[in-house]
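Below you'll find the structure, written out as structure tokens, and then a few comments.
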């Protein structure tokens, strides 16, 4: 069998027809090139190159061998590179999901950065409801998701925080709270608070009591989607804690957004299954972090 270094010496010398230039390209000595070619010729049983003091040229046997070996060697190289690219996440496909319009815009930007770095990898973007995201990740429907933190699931990894925004309270336009410039977390004890499946915007995470130990937070109706929740807010059925982006992406004539004066910021980031942290997943998370840092 011909070894790799022998194939490389044969094909390079066939191109260069010069032992010195062949040695330079292969980063070995001229003597090593000569030894390798002589070994090949002994295996074949015939000269592969005519050598004189002025020129080097292929023999008929050498030309036939090079013509047969070159395409096969190129095919091996292509196959190996394809395997390397796949292993490093530079090809294939990646499915990412977002929850909410603002997250979708951020995800589009991150996907473009990732595509520039890995043009051989297809990125598919999907919208998910908050209650759908973790099941999609577990079932392999998507590889990553962009949503609010924290996520208390042992099999789901949360990446770095990408964005922090102020928390706000969506209230009906005619509600007494709407006349105030800001609200407190303690105000949640005085109004029904709408619940959105797996929604993380509420400062107390729908706690039984307010952070200062006040009365229990009155539970409001459960909404299946964010738009449904805002519609219920506008109908006067309760209030809804949201992120500050809601003022821009979900302006409504029947809803007023008031900032919390005492709530920590809402954090957004990527999450993925702990057992499927592939190179593609890590590369996309890195691209997302770089995008946010470059626009900070």
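Give me the strands (runs of 3 or more DSSP E) completely within the stretch 3-117, filtered to those with at least 3 residues that are crowded, with 17+ Cβ neighbours inside 10 Å, ordered by residue number.
91-98
Evaluate the stretch 154-173: report whether one residue or more is modelled with pLDDT under 85 and within 26 Å of the chain's Cα centre (by Cα).
No, every residue in the stretch 154-173 fails to be modelled with pLDDT under 85 and within 26 Å of the chain's Cα centre (by Cα).
Across the stretch 194-249, which residue is surrounded by the fewest Cβ atoms within 10 Å (Cβ to Cβ) among those that are part of a strand (DSSP E or B) and modelled with pLDDT under 70?
So, considering only residues that are part of a strand (DSSP E or B) and modelled with pLDDT under 70, the one surrounded by the fewest Cβ atoms within 10 Å (Cβ to Cβ) is 216.
Please state which of the following conditions residue 256 fails to meet, knowing it meets all the rest: (1) buried (at least 20 other Cβ atoms within 10 Å of the Cβ); (2) at pLDDT below 95.
Evaluating residue 256 over (1) buried (at least 20 other Cβ atoms within 10 Å of the Cβ); (2) at pLDDT below 95 leaves (2) as the failure.
Taking residue 273 as the residue in question, decide whether it is at pLDDT 90 or above and closer than 19 Å to residue 152 by Cβ.
It is true that residue 273 is at pLDDT 90 or above and closer than 19 Å to residue 152 by Cβ.
Tell me which of these residue 285 doesn't satisfy, since it passes every other one: (1) touching a strand residue (DSSP E or B) at 6+ places or on another chain (Cβ under 7 Å); (2) free of Cβ contacts under 8 Å to residues at least 24 places away in the same chain.
Single failed check for residue 285: (2).
Filter the stretch 274-285 down to the residues that are in a helix (DSSP H, G or I) and closer than 14 Å to residue 123 by Cβ, then identify the one that is nearest to the chain's Cα centre (by Cα).
284
The values are calculated or read from the model by the stated rules, or taken from the named source; none is laboratory data. From a predicted model like this one, the values you see are computed outputs, not experimental measurements. Glycine also receives a Cβ, built like all others from the backbone with ideal geometry; neighbour counts cover every protein chain displayed.
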